[in-house]
Amino acid sequence: MDNRVALVKCANYEQSNVDDAVRSAFDLLGGVQNFVKKGQTVVLKVNLVSRATPDKATTTHPSVVEAVGKLVQSLGARVVIADSGGCAYTEAAMSGIYKSSGMTDVAIRNGFELNSDYGVALAEYQDASVGKKFEVLSVLENADVIINLCKLKTHSFTGLTNAVKNMFGAIPGLTKVEMHGKYRTLAVFGNFLYDILGYLGDKIALNISDAIMAMEGPGPTSGTPRFVGAIIASTNPAACDVVGARLMSLDPRALPNINTGIERGWLDNDCSVDILGANINDLIVKDFVTVMPNEFKPFSDKVPRWLQPAVHRMTTRRPVVNRRKCKGCKKCFEHCPVKAITMVPTKKGGMPKAKFDYSKCIRCFCCQELCPFQLVKVRSGIVYKILHRKDGTKVNKQKETSSKNSVSNE
Ligand code: SF4
Ligand code: SF4
């Protein structure tokens, strides 16, 4: 596996700065012509997890998409912007996300296409570890080249989302939620991510991370934008993630998806990467607010059954909802992969609102991603907090406080 990673400083999202940074990243890896040929259909697989404006740092910034798309287009290739967010994979749902994320404007301005093929293909991958058959977006199946245009963010389940996790968006719409139900532990889920990467194979020519403004705290949708000032690029998504983790002051080996990458042969045991370009020490954000990966039952099976619910609660982070504010839209209820959410009327007999059963909840945090009103917050158990401090990573105090104002419905 190629472990070279281009790292380029970029001070802001001004188009001319981003154009220069992206061109430099390509040049460090041999130039854009190394990855794209005239006449090819190149899909920019962006991160459009939810309907959010670019300033929220939830989605890949449009200026990065524009910079990459223009270079690809200059070689005579067709540029298609695509993703499947945390919603139904339909034109009605995606068109709103294209618009809010700035993709519609970028496409119109530059003559790029927004994906309008909402078809699904069946992937059959005999070398898979866990996912020998799964559904994948047709637009990716039919692409000549995929450029994985990810966003550097914390993630309440996996700890980090960057290049490896971004390809989970190859799974159509709410089928992703089903996959969380099927692949529940971090190790198995991580293996599924590498199955997706393995299936798409060399078609994924390059991974480019928008790490200019990253997300810290309870990502991937409820965190806070944090300036890092970098573009990261590599043909190896796991190497791209190693550099992303280091920029966040995270030990890459603390991340299950990196460890799975080592087991699957994408990285060596030391996670060594060959960084080209900027000095990483100039870009590391020492007080980045990270979150630890969250195994859904880390210790519960090691204690007597009667103690398990309490241990489970104390040792994990869990979703909580402010029931006073809950709009009762049922989005979380309809899509929870293990039916851990019920809609229960308030004490005063008002409209049914979301209530969580933590004995069933697998901590996938899909409800956090899916709530259109961002009312699902994350709260840490007391033991989790202590372990977290011991590991030198931090819980986002501001967000934790706001989640304390939420009503946990245990
Ligand atoms: S309640 Fe939320 S975090 Fe728990 S399993 Fe359901 S969707 Fe996942
Ligand atoms: S998605 Fe949000 S608003 Fe809708 S029922 Fe769930 S918590 Fe309430």
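Considering each of Lys286, Lys353, Lys325, Lys330 in turn, give the residue that is among the basic types (Lys, Arg) and farther than 25 Å from Ala88 by Cα. After ruling out the rest, the residue left standing is Lys286. With respect to the conditions (1) at positive phi; (2) within 9 Å of ligand 2 (Cβ to nearest atom), Val321 lacks only one, and its number is (1).
Applying the selection to region 19-68, what residues are out of contact with any strand residue (DSSP E or B) (no Cβ under 7 Å at 6 or more places or on another chain) and on the phi > 0 side of the Ramachandran plot? Of everything in region 19-68, those that are out of contact with any strand residue (DSSP E or B) (no Cβ under 7 Å at 6 or more places or on another chain) and on the phi > 0 side of the Ramachandran plot turn out to be Gly30, Gly31, Gly39.
Looking across Arg318, Arg323, Arg313, Arg363, one residue alone is among the basic types (Lys, Arg), within 16 Å of Phe157 (Cα to Cα) and either part of a loop (DSSP other than H, G, I, E, B) or in contact with a Ser or Thr (Cβ under 7 Å, 6 or more places away or on another chain) (or both). It is Arg363. Being out of contact with any Gly (no Cβ under 8 Å at 6 or more places or on another chain) and either at pLDDT below 95 or not assigned by TED's automatic domain parsing to the domain that holds Ser50 (or both), is that true of even one residue in region 134-155? No, because not a single residue in region 134-155 is out of contact with any Gly (no Cβ under 8 Å at 6 or more places or on another chain) and either at pLDDT below 95 or not assigned by TED's automatic domain parsing to the domain that holds Ser50 (or both). For Pro218, the criteria (1) within 15 Å of Asn162 (Cβ to Cβ); (2) part of a loop (DSSP other than H, G, I, E, B) hold in every case but one, which is (1).
Scanning region 43-98 for residues that are out of contact with any helix residue (DSSP H, G or I) (no Cβ under 8 Å at 6 or more places or on another chain) and among the basic types (Lys, Arg), we see that the one that is surrounded by the most Cβ atoms within 10 Å (Cβ to Cβ) is Lys56. Applying the condition of being under 21 Å from Asp282 (Cβ atoms) and among the aliphatic types (A, V, I, L, M) to region 1-16 and asking which residue is farthest from the chain's Cα centre (by Cα) yields Ala11.
The values are calculated or read from the model by the stated rules, or taken from the named source; none is laboratory data. Keep in mind the model is a prediction, meaning the values are calculated, not measured. Cβ: placed from backbone, ideal geometry, glycine included. Neighbour counts: every protein chain shown.
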